[in-house]
Amino acid sequence: APTATLAPDAWVQMPAIPSVSDTVRTIYARGQELGRDPHRFSKAGDCESSTDWYLEVFDRKPVTYRLGEQYEYLQTTIDYYAGSFLRKSVAARRGANTSSLLTSLWADPTQCEAGESMLACEYRLQNPSVALIAVGSNDVFGVDDFEGQMRAIIEFTISQGIVPVLSTKADNAEGDHSINVILARLAYEYDIPLWNFWLVVQPLPNHGLQADRVHLTFGGNIFDDPFRMEKAWPWRNLTALQVLDALRVALKK
């Protein structure tokens, strides 16, 4: 059940990598009772979640990423979730928004059952224990509906014994950061992880955004190369991996 609300401006200082609460441990434990695979996660979202640039590098051979000495500890998590990075999620699609995830109209008819939503289909096919949910950039013309639809996504995911991880977005296409405010408030209310990606890109040139002020700047996943780390995409992959690592460590205790 949701808890007390969060101050509207508190989200800007919430950490990039969340801590793992007792609520999350309870959701995870319930998922294990339901047979969720602890070694699998799902991606859900728009084009920034469906692109080949998002996490797939950690499953590809030959290896083209470099963790560097600072992040070499993350290899354990890469090995732990092997197979999930490269998999094409049926809940991640270009143009998707919160409404898309909840409807069967966007679901892949070759993989999904009649009447099955994108999200339900992905959870059935992948059987994950964790879901990285990153939506909002395509909800800017429907902000009034965003919170209710996001609540439905969160509650459905929890009901399935899957830990939902919400992500703030780097852009401010709506003009007042209202979507990030809602995401942070919901994460706080439901006591679930918030991956504050907005905070990650703030120090980067143009805050990690291309000229359209929506899409992320691209760089290779060489995490000990200062030049590449001036781009947003390596930071997105690195911090997503750090979120998964934090969950793996906390939930396997």
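Of the residues making up the range 194-220, just one is open to solvent by 80 Å² or more (accessible area, probe 1.4 Å) and among the aromatic types (Phe, Trp, Tyr), namely Phe218. Taking the range 221-253 as the range and being among the small types (Gly, Ala, Ser) and either within 17 Å of Tyr65 (Cα to Cα) or open to solvent by less than 20 Å² (accessible area, probe 1.4 Å) (or both) as the test, the residues that pass are Ala232, Ala240, Ala250. A Cβ distance below 8 Å, combined with a sequence gap of six or more or placement on separate chains, defines the contacts here; from the range 66-81, residues that are free of Cβ contacts under 8 Å to residues at least 12 places away in the same chain reach residues that are open to solvent by less than 100 Å² (accessible area, probe 1.4 Å) in the pairs Gln75/Leu67.
Restricting the range 125-153 to residues that are of a type outside the set (A, V, I, L, M, F, W, C) and without any contact (Cβ under 8 Å) to a residue 12 or more places away in the chain leaves a set whose member that is farthest from Gly83 (Cα to Cα) is Asp144.
Name the single residue, out of those in the range 33-53 being out of contact with any strand residue (DSSP E or B) (no Cβ under 7 Å at 6 or more places or on another chain) and open to solvent by less than 70 Å² (accessible area, probe 1.4 Å), that is nearest to Phe218 (Cα to Cα). Per the criteria, the residue is Thr51. Within the range 155-173, the set of residues being open to solvent by 10 Å² or more (accessible area, probe 1.4 Å) and closer than 22 Å to Leu216 by Cβ comprises Lys169, Ala170, Asn172, Ala173. Considering (1) in contact (Cβ under 8 Å) with a residue 40 or more places away in the chain; (2) open to solvent by less than 40 Å² (accessible area, probe 1.4 Å); (3) touching a helix residue (DSSP H, G or I) at 6+ places or on another chain (Cβ under 7 Å), the lone condition that Val90 does not fulfil carries the number (1).
For (1) under 16 Å from the mean Cα position of the chain (by Cα); (2) open to solvent by less than 50 Å² (accessible area, probe 1.4 Å); (3) acidic (Asp, Glu), each residue gets a yes or a no:
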residue	(1), (2), (3)
Gly83	no, yes, no
Leu86	yes, no, no
Gln111	no, no, no
Ser117	no, yes, no
Val130	yes, yes, no
Ser137	yes, yes, no
Ile153	yes, yes, no
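Exactly one residue out of Val12, Val24, Val20 is assigned to a helix (DSSP H, G or I), surrounded by 17 or more Cβ atoms within 10 Å (Cβ to Cβ) and touching a residue at least 12 places away in the same chain (Cβ under 8 Å): that is Val24.
The values are calculated or read from the model by the stated rules, or taken from the named source; none is laboratory data. Since the model is a prediction, treat every value here as computed from it, not as a measurement. Virtual Cβ from ideal backbone geometry, glycine too; neighbours counted across all protein chains shown. Quick note on the areas: whole protein, heavy atoms, side chains included, nothing else; ligands and nucleic acids left out. Shrake-Rupley method; radii C 1.70, N 1.55, O 1.52, S 1.80 Å.
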